[in-house]
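Q: Encoded as structure tokens, here's the structure I'll be asking about.
The values are calculated or read from the model by the stated rules, or taken from the named source; none is laboratory data. If you're wondering where the values come from, they're calculated on a predicted model, not measured in any experiment. Using ideal geometry, Cβ is built from the backbone for each residue, glycine included, and neighbour counts are taken over all protein chains shown. The accessibility values were calculated without ligands, DNA or RNA, using every heavy atom of the protein model including side chains. Shrake-Rupley method; radii C 1.70, N 1.55, O 1.52, S 1.80 Å.
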Amino acid sequence: MGKTTKNAKKKIKQKKNKIKSVNLSVNNSSKAPKTAVVLVNTCKKISKKNKTTRINYSPDDLANALKTVDTGVSLRKAAAVYGVPIATLSRKKGNPEISKQKTGPATVFSDTEEQKIVDWILFRAQRGLPVTKTELLDSIQQHVKMSKKETPFIDSRPSRHWYEGFRKRHPQMSIRKPQHLTHSRAAVTGDDLKDWFDEQAKYLTEKKLMEIPSTRIFNCDETYVTLCPPSEKVLLAKGSRSAYKVVDSDKEGFTVLFMYSANGDRAPPMIMFPYKEEVPEKIVKNCPEGWGVGLSDNGWMTSESFYEYITNIFYPWLVKQGTQFPIVLYLDNHSSHMTMPLVTFCREKGIELIGLVPNSTHIMQPLDISFFHPFKETWKKSVPRWKNSKNVSRVKKEDFPLVLKFALDAMVQEKNSVISGFKAAGLYPFDPSAVDYDVFDKRKKSKTTVTKENVQDEVTEDREKHLLTFENNLSKDILEKFNTAWLNQTWPRDLEIRGLYKYWLDISGKSGKEINNILF
């Protein structure tokens, strides 16, 4: 027994990585000896490998090392001089295409595509609209979706790691926290306008666009058009206390984008509709040929809609008209007008985007200056005329494009008003002296003089805003009951809403003494 045990121990020491069966029998029984499996620790100690340090070298170092090798210097000496690994020199020797490749994984966008992104960022910065991280990622997501480019991005939106790598690849850009200015501090001054004219004069001269004809200079702007415009004054018998007229809802309307050239030619407009997926077929059928139809959740202009208008409506119209490129397009500096896909498209097609001075559209925007006011006045008259011509009592959503065309066709002075706007803004002919700089002195005087009438106007405006907010929180049924009770000089039948009714009378200015005597 002792001899057997000693032999077993000896064999275990000699072969540690094997499994040995040991006889556990202590008697000379005829049965087969019992054995037990002895597990021996076969795990070896894992030695820590020395971490390899990555050799950092620049593309210039690699290029110089390869040139040195081409002159006959050995790989070892060239590697030692320029700090480039021998294996790298051996792999890239004699292959200029490989030598130009950068270390690390390939970038998602090519050098040309990334340079376009940088140009767009700098373009926005020069025009007082610096790009934020969110705007950059949003614009790239939009670009990827439209171009259908294959990327590793989730939902086509770049990740934080891509953004950090992009910044490292383009060190000419830096991150700065913008200084927030209130509207009063950011208000434009006469000097701001003069500086803008000086800058644009140099730019247009450099691009040889200073002397182009009026047919190649454009301005676009949006305005909100209500289905039920304010009614004209009516005739009544003398002594009549009140005048009523049944009208459509005065809260419903649509955003319309207008585009005009400096000679008064109208490009196809675009109407925005508040739909998520698609515009009803009735509306599309009623839109004149060539007009744009946009949609968004709230019916407001979006960057996607503006891009679609420029690429699918405006540019094809220019080509069809035989317009010579490049052209100049003046527009306000809204962020939806300066997205990366739009700027890229316009540069490729010869459309020079020039942003106007912020907070100066009332002075420099041609359509704001002389077009929108006469258009709104024509719109007031055109809506009832169109109703009478069609023998209908109200304008429906699907009728809006037809009524809009009816109103535009009725504008006798359409061209002249647009031409006057370009001239007054100093955009065509390009003339900084055409701008009325006295408006800044008038604004300063008006701020220093506060009269009772100004205070009263502010109170009235605040009360109207409060009334509008209050009515927006009421259902249409309750508002109809309020109007019916007011017309009939009675109480609403529902006792629960009488308190709201009295409050509505108070804030709407309808609760005079005579009315209170009748109702209360």
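Q: Around LEU295, what is the net charge, scoring Lys/Arg as +1 and Asp/Glu as -1 over all other residues with Cβ under 13 Å from its Cβ?
A: -3
Q: Then there's this: Tell me the net charge near ARG167. Cut-off is 14 Å between Cβ atoms, ARG167 excluded, with +1 for each Lys or Arg and -1 for each Asp or Glu.
A: So the environment of ARG167 carries a net charge of +3.
Q: Another question, if that's okay. Based on the alpha-carbon gyration tensor of the range 249-315 and its eigenvalue square roots a ≥ b ≥ c, which shape applies: rounded if a/c is under 1.5, prolate if not and a/b is larger than b/c, or oblate?
A: Prolate is the answer for the range 249-315, as a/c is 1.5 or above and a/b outweighs b/c.
Q: Shifting gears a bit: Given a Förster distance of 51 angstrom, what is the FRET efficiency for LYS397 paired with ASP192, based on the Cβ-Cβ distance and rounded to 0.05?
A: 0.80
Q: Once the Cβ-Cβ distance between ASN312 and LEU487 is put in as r, and R0 is 60 Å, what FRET efficiency do you end up with, to the nearest 0.05?
A: 0.80
Q: Let me ask another. What accessible area per residue comes out for the range 349-405, rounded to a whole number of Å², with a 1.4 Å probe?
A: 44 Å²
Q: I've got another one for you. Work out how much length LYS502 to LYS77 would gain on full extension: take 0.36 nm times their residue separation and subtract the Cα-Cα distance, in nm to one decimal.
A: 143.4 nm
Q: Same structure again: Taking the Cα centre of the range 248-383 as origin, work out the dipole magnitude from +1 charges on Lys and Arg Cβ and -1 charges on Asp and Glu Cβ, in debye rounded to 20.
A: My answer is approximately 300 debye.
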